[in-house]
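All of the numbers you see were taken from the coordinates with simple rules; none came from a lab. Note that this is a predicted model, so its numbers are computed, not measured. Glycine also receives a Cβ, built like all others from the backbone with ideal geometry; neighbour counts cover every protein chain displayed.
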């Protein structure tokens, strides 16, 4: 039998809520369209009778959530939808939404957990959670670091198209933080290629002597728009122990990407910091 939008209605929707569920389904369909959608197309795609669609669209148009644009008739979203989305975005806080995930990661690994995004030639630490132990790497939410010398930074640079890389690096010569810093572009490019190939970045005493960091991408809509990392004493992040840390990092990054509020907040942050909407598609 032909599938209709009623097949996807919430389980809690009773007879009196069917109209609301159907109206919301129409708004979602219009939101996915790049141009106005005709009544016939809505009939084909939703499986609802045209008479039902006409009644629903009339109510949505009267309340200004939908606009009828021609006599076919065809419809697009109205300005009231923007008011809802603006109100939603204004309540988002990426740091607050990420804190629980990072706190669990820090507790599980015993290392400092960090969520970072690119901001020009720096990494912005959106949220940092430290483990409950005397010896730990200390950083502050809202602090920044150079992209070329950190695990977070190198992971995020690996997700940038080659022709945009210069925008996220300071003018050369770069300041070496330690004797192991990738302080030349040729060296850094080789590291970024390795990072892309294996899917994670490794800061091996490059930002601070005695400190190592592993970072994985937080991927949303095919782009590496943020990174999640753990940082701690070099002896504890020895390469022989990477597999366990990476498993925890990837599990956390996947859970964060699947959180609709956090994903929406990160998209807002990404757009505000990346005017060109850059980001490597994987």
Assign one of three labels to segment 116-157, namely rounded, prolate or oblate, based on the Cα gyration tensor with a ≥ b ≥ c the square roots of its eigenvalues; rounded applies when a/c is under 1.5, prolate when it is not and a/b is larger than b/c, and oblate otherwise. prolate
Roughly what would the spin-label model give for residue 69 and residue 107, points 7 Å off Cα along C-beta, in nm? 5.0
Cα radius of gyration and Dmax for segment 156-228 (Å): 12.5, 37
How long is the chain along each principal axis, judged by its Cα atoms, biggest number first, in Å? 73, 39, 35
Pull out a ≥ b ≥ c, the square roots of the eigenvalues of the alpha-carbon gyration tensor of segment 178-282, then state rounded if a/c is under 1.5, prolate if not and a/b is larger than b/c, and oblate in the remaining case. oblate
Degrees between helix 79-90 axis and first principal axis of the chain (Cα, 0 to 90, nearest 10): 30
How long is the gain from residue 32 to residue 82 if the chain were fully straight, where each residue apart is worth 0.36 nm and the alpha carbon distance is subtracted? 16.5 nm
For the chain, take the longest principal axis of its alpha carbons; what is the angle in degrees between that and the long axis of helix 242-257, to the nearest 10 within 0 to 90? 30
With Cα atoms, 0 to 90° folded angle of helix 185-198 axis to the chain main axis: 60
What span do the alpha-carbon atoms of segment 116-262 cover on each of the three principal axes, reported in whole Å from largest to smallest? 38, 36, 29
Using a basic spin-label model with each label point 7 Å from the Cα along Cα→Cβ, how many nm lie between residue 18 and residue 167? 5.1
